[in-house]
Amino acid sequence: MTKKSLIAAIVILCFVLSACAKAASPEESRSYDNYAASGVSEEMGMPEAPAAAFDSASTKADYSATGAAAPIKQMIIKNADLTVAVDDPGASMNDINEMASGMGGHIVTSYIYKAYTNSGLEVPEATITVRVPADKLDQALEQIKNMSGDASKYTINESISGEDVTQQYTDLGSRLRNLEEADAKLSELYDMAEKTEDALAVYNQKIIITEQIEVIKGQMQYYEQSAAMSAISVRLVAKETIAPVTIAGWEPKGVARDAVQSLINFGKGLVEFLIWLIILVLPIIIVIGAPIFFFVRWLIKRGKRKEAARQQALRDAMASQKPPEMK
C-alpha cells in the first residue's frame, strides 16, 4: 500500500466521520457528567438495568434491506419529588431506604438535620433520594405517602416529571455504529501500513475514534439506567412543624389562625428585640455615650459661665462709665 493511497484513505475517512459522527451536545455531556459524579457517591452502587424495564437491543434502530428504520421502543425518564409529614423523619428515612432495597433499587443520598416549629420546638427533618425500578415508581410513592399515617392529610407536595429521550438515544446509536465502522476501517488500514509513520498516523486516528466511542457508550448507558431506574427525592418533615396553632384548646381556622400566628410571631420578635436592647445595646450606650454626654454638658456649662462673666463685666463698666476691658 503506497503512502499516497494511505493518506487519501485517511482523509476520506475523516470527512465521513465529520459528517456522520458529530460531537456530543452540551446537554448530553452535562447529563452524563452529572450521572457519573452521582454514581461515585451512591452508597450501594448502580445496578445493571433490569431487562424487563428496558431492553437496549430493542431500542436500537434496526435497518432493513430497503433502508427503512424499524419501530423502536419509547424511552422515558421518570422522576418524582415528594414532601411528607411524618412522626419521626429519621425512622421514615430508614424505612424508605429498606423499601428501595427491597424493590431492587438503592439509595443515592440521605441527609438529616434540625428544624424548629412555630413555638420554637426543635424537631428533626430529613431528605433522601432513592432509585427504584421505573415500573415500581407508583408503588414506591404510595408506600412513602402511607408512612405518614394519612396520605391525603400529610402529603404536602408531590410532583412527577417525565422526559422522552428516545430520539437522543436513537441518534447516539446511529453515531455509535458509524464510529465503530470507521474504527474497523482504520484497523484494516493499520494492518496494511508498511511504514512506521503511516502506522502511527492511523493509530492516532484510532485513539480519537475510540475516545468518541467510549463517550457515546457512556451517554447511552446513562439513558438506559435513568429510564430503567426512576429517582425519588423525598423531604421528610415532622408533623409538629405543620401543626395548627391552638389557644386554650381552641384551634382557629383560616384567616383567624394566620392572624393569631402573625401576632404570636410579632410578640416573639418584640421580646427578642427588648432582650437584645437590654443586654447588648444599653451597656454599649452607657460605656460610650455617658462620657460623651458629660463632656458636652461640661462644655455647655463652661460657655454659659464665660458668657455670664462677660455680661457682668459689661454691666460693671457701664455703671462706672468706663469702657470695658477687652480681653
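The values are calculated or read from the model by the stated rules, or taken from the named source; none is laboratory data. Bear in mind the structure is a predicted one, so any value in this text is a computation, not a measurement. No Cβ is skipped: glycine too gets one built from the backbone with ideal geometry, and neighbour counts run over all protein chains shown.
Summary table
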quantity	calculated
Residues of region 238-265 satisfying the condition of being in a strand (DSSP E or B) and either over 28 Å from the mean Cα position of the chain (by Cα) or modelled with pLDDT of 90 or more (or both)	Ile247, Trp250
Residues (surrounded by fewer than 18 Cβ atoms within 10 Å (Cβ to Cβ) and either among the hydrophobic types (A, V, I, L, M, F, W, C) or in contact (Cβ under 8 Å) with a residue 40 or more places away in the chain (or both)) located in region 202-212	Ile207, Ile208
Qualifying residues in region 272-327 (those that are among the small types (Gly, Ala, Ser) and touching a Pro at 6+ places or on another chain (Cβ under 9 Å)) - the one modelled with the lowest pLDDT	Ala317
Index of the failed condition, Arg131 passing every other in (1) more than 30 Å from Gly267 (Cβ to Cβ); (2) of a type outside the set (Ser, Thr, Tyr); (3) out of contact with any His (no Cβ under 9 Å at 6 or more places or on another chain)	(3)
Condition met for Lys185 (under 30 Å from Ser101 (Cα atoms), among the basic types (Lys, Arg) and either part of a strand (DSSP E or B) or more than 25 Å from the chain's Cα centre (by Cα) (or both))	no
Ser152 being more than 27 Å from Met220 (Cβ to Cβ) and buried (at least 16 other Cβ atoms within 10 Å of the Cβ)	no
Checklist (1) farther than 30 Å from Lys136 by Cβ; (2) exposed (fewer than 14 other Cβ atoms within 10 Å of the Cβ); (3) not basic (Lys, Arg) applied to Gly162, failing item	(1)
Qualifying residue in region 50-62 (condition: at pLDDT below 90 and under 21 Å from the mean Cα position of the chain (by Cα))	no
Restricting region 188-233 to residues that are of a type in the set (S, T, N, Q) and part of a strand (DSSP E or B), the residue that is farthest from Ile96 (Cα to Cα)	Ser230
